[in-house]
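What follows draws every value from the coordinates through simple rules; no lab data is involved. Just so you know, these numbers come straight off a predicted model, no measurement behind them. All Cβ positions, glycine included, derive from the backbone under ideal geometry; neighbour counts span all protein chains shown.
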Amino acid sequence: MFGNMTYFTNSPEIAEKATLVDGEGAVWNGSLHASLYYAGRYVYGDFNRDGRKDAAVIIGESQGGSDDEVELAFLIYDGTRLVHRQSVYLGDSAIINALKQRSGKVIVDMRIHQQGDCQAGPTKRVRNVYDYLNPTADIRGDHHISVKDGVEEILNLQPKGGKTKPYQVRQGRKVIVRYRLGGEEHA
Ligand SMILES: [Ca+2]
């Protein structure tokens, strides 16, 4: 079903929507090209909290030979059918381990690129929480915690070179507890 739906692209320059057939589709506006595919992962939940079941699916998108952008697409039930209303960029070539919903939010367990990775192999494991109703809020999860105001200097779990030293992890945990920054799940 999700492989035969209509999705909009992540590019503001490509206004056309792509209707996938058997999981794949492409749009072309005369100068720009986007290929989309359904990555075979979905989860149901009431993401706009109106009491009716919606879906969130993983789609991949590539534009003109660039890396695959992996996106979380929110499909909202409008009373008749599921309609693609919002996409959230997850990462280039992100590898999805698991997709769950809890309390109307989507939890994505995945591996994303970090500095030093080869192009093909993302190695940083994160578990992020995505909220359809609050897409601009800080993404809560072990990767994005450091963006919270005022804690930035203390908490830097992604130092240059891609390795986190044990003391940084301990320091980070303290900060998380103190500021109650933890998401609904963390590793
Ligand atoms: Ca709903």
Which ordering of D131, D54 is given by a fewest-first count of other beta-carbon atoms within 10 Å? D131, D54
Neighbouring Cβ atoms within 10 Å as the yardstick, rank K124, K100, K53 fewest first. K53, K100, K124
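Which of rounded, prolate, oblate describes the stretch 2-137, given a ≥ b ≥ c as roots of the alpha-carbon gyration tensor eigenvalues and a/c under 1.5 marking rounded, otherwise prolate only if a/b is larger than b/c? Let's see the in-between values first.
On the way: a/c = 1.91, a/b = 1.09, b/c = 1.76.
Oblate.
Using Cβ counts within 10 Å as a stand-in for footprinting exposure, how do Y130, Y89, Y42 rank, fewest first? Write down the numbers at each step before the final one.
Working: Y130 22, Y89 12, Y42 16.
If I rank by nearby Cβ atoms, fewest first, I get Y89, Y42, Y130.
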